[in-house]
Each structure stands twice: as C-alpha cells, then as structure tokens.
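The values are calculated or read from the model by the stated rules, or taken from the named source; none is laboratory data. Note that this is a predicted model, so its numbers are computed, not measured. Note that each Cβ is placed from the backbone with ideal geometry, even for glycine, and that neighbours are counted across all protein chains shown.
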Amino acid sequence: MTGKGYLLVRRGGALWGVDNAAVQSLKRGDGGFLLGVTAGELRIDKIVGVVTELAVRPVTAALTRFWPEAAGGLAVYAAEPLVVVDPRRPPRALRGLQSGGGDGKRRRRSRTA
Amino acid sequence: MLKSAEAANPAPPTGLSAGSHLLVQAGEYVCALPLRSVRRVLRALPVHPLPGATAELKGLAEFAGEPLPILDLARLVGAPPGANPTYPVTIVAWAGPQDGREMIGLAADAALEVAEVPLASVVGGDGGFILGEAPVGNQVVRVLDLEALGRER
C-alpha cells in the first residue's frame, strides 16, 4: 500500500496527512480505522481522501512551543490546515494516548498580573 | 476595526516611529503590539483546533494559502476573560528574532487604535514576551515583544 502522495485522515477534529509511502496497513477498528505505519498503529476517525501533492512547510518554533509533538510539517488542503505526520514519531492524539495539552498549565516564565 | 494594516517590512513604514504600537483588547487587558511586527489585521480567521496543544494555542488557520498557528493573546498575557467580543480579530504578525522570524496569528477581542508607546515609558515586565506596562492615555497597556515569543522557553 505504498505510492506517491498523502493519505488525508481526520482524528480529534483535526486533519492529518500521512505519506502514502509510510502506510503499511489499513483496517477497521477502535470505532474507526487503524492505520499501520513505522511506529505502530494510528487511530483515525475518518479517511478524507488521497492527494498527490501537498506544499509541506516546516513546523515553526512558535508552534512546537505550544504543541510539543514531532511532525513532518504543515500544509493546507481545501483551505483547511493540516499536520503532516512523521510516521516514526506520530503525535499522541493519533496513537490513542492522552494528549496532555490544552489545559493551560504549561509552565511559562513569570507574567505580569 | 483596522482594515488590513499591511506592514510586511520589518522596518517601520514611513511616518511611523519605532514606538508605534497597535493596541488590541485581549480579555480585560489592553496590549500594545509593535506595529513593525504587525502584518495584517483581519476579522477572526476560522481556527481548527490541534489535539495536544496547550491552551495558548487555539489551533491552525489558513492564511493566504499557508498554515498559520493561532495563539490566544489573552491566555498568553494571562488576562482575565472579558466580555464576549463583538468583533474578534486575528492579527497576523511576525514573531521571533529578525534572523529567524516566523508568521503567527494572534487571536484578540478587538483592534483598538495605533498609539505611540515610548520605550522609556515601559516599566516592569518579565524580560521576555511581556516587555512591561506603560501608560497610554488614561489606561495602562501591556507592551509586548513579539521577537521574544520565538525564543522564550
């Protein structure tokens, strides 16, 4: 199941792109689909489609500061931004692990009151 | 709302001093963003949440065909929530040091006005993103250093 392009999937309301060449298997499971990649099985809610090309931009420091995950880059598909998954280090949201973010408790330097 | 305050160049546009700042409402705080860092002010862009992000990151948006991280300005400055904004905005701005700047979006409750904020009037602050506070008219504003946003850890 390899080929040129990206498989677009949805998980947690967000759009993700997985390099087709990294896809090893795809099957139903866990209320959605299980996508096999180098790092194991990714849990996805919906398959959106396949695109032959994406203009992939690097992940910026401002993003990783507030989203501490590895990623292959960022792109836009049909006016919707997406994260290109690094198949060796997929984000926790796709691995079915608790993300641990979004609670506003990330430590920062002191703030003015 | 300020309409498309284009300032793509890092140098202040003609007629604007280095002390020119865009004042924006963020929760109960008024924040001053250096105008040289502001690229555009838009009606709030649709944001797509990113699972696993901290509360300061609202998510990703699309701007000019490019993915754009959108930060919640009120959360960044620790502002108490204000009234529901009637005309929320996204401020597209440059963040990080000059030699490694990147484009970000700041979600704010409203764009207010452009004002002069002399650096000599800024006091306090955390030595990072929040440069300090300064009086502007009859209010105190939080003066922000967007160049510090990319380097702060």
Report, ordered by the first and then the second residue, all pairs with beta carbons closer than 7 Å, sequence separation of six or more or different chains, a first member in the range B:117-135 that is more than 7 Å from chain A (Cβ to nearest Cβ) and within 17 Å of residue B:22 (Cα to Cα), and a second member that is polar (S, T, N, Q) and surrounded by fewer than 18 Cβ atoms within 10 Å (Cβ to Cβ).
-> B:134/B:121; B:135/B:121
Report the residue count in the range B:48-61 for those that are over 15 Å from residue A:62 (Cα atoms) and surrounded by fewer than 20 Cβ atoms within 10 Å (Cβ to Cβ).
-> 2
Restricting attention to the range B:28-74, which residues are farther than 22 Å from residue A:65 by Cα and outside any strand (DSSP E or B)?
-> B:28, B:35, B:36, B:44, B:64, B:65
Being buried (at least 19 other Cβ atoms within 10 Å of the Cβ) and among the basic types (Lys, Arg) narrows A:65, A:95, A:57, A:88 down to just A:65
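Sort out for me the strands (runs of 3 or more DSSP E) sitting completely within the range A:39-113 that have 3 or more residues that are facing another protein chain (nearest Cβ under 9 Å) and either within 30 Å of residue B:142 (Cβ to Cβ) or at pLDDT 90 or above (or both). Don't jump to the end; show me each part of the working.
Values: elements: A:40-44, A:46-51, A:73-77, A:80-84.
In the range A:39-113, the matching strands (runs of 3 or more DSSP E) lie at A:73-77, A:80-84.
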For the range A:66-82, how many residues are of a type in the set (D, E, K, R) and either more than 17 Å from residue B:58 (Cβ to Cβ) or under 12 Å from the mean Cα position of the chain (by Cα) (or both)?
-> 1
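Looking at residue B:92, is it closer than 13 Å to residue B:37 by Cα and of a type in the set (Val, Ile, Thr)?
Details: closer than 13 Å to residue B:37 by Cα: yes; of a type in the set (Val, Ile, Thr): yes.
In short, yes.
Taking the range B:40-60, which residues are more than 7 Å from every other protein chain (Cβ to nearest Cβ) and touching a Gly at 6+ places or on another chain (Cβ under 6 Å)? First the steps, then the outcome.
Here is the first cut: in the range B:40-60, the residues more than 7 Å from every other protein chain (Cβ to nearest Cβ) are B:40-47, B:58-59.
Hit for the range B:40-60 is B:47, nothing else.
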Please verify whether the range A:5-15 includes one or more residues that are assigned to a loop (DSSP other than H, G, I, E, B), more than 7 Å from every other protein chain (Cβ to nearest Cβ) and surrounded by 20 or more Cβ atoms within 10 Å (Cβ to Cβ).
-> no
Is there a residue being under 22 Å from residue A:74 (Cα atoms), surrounded by 19 or more Cβ atoms within 10 Å (Cβ to Cβ) and within 8 Å of chain A (Cβ to nearest Cβ) anywhere in the range B:70-77?
-> yes
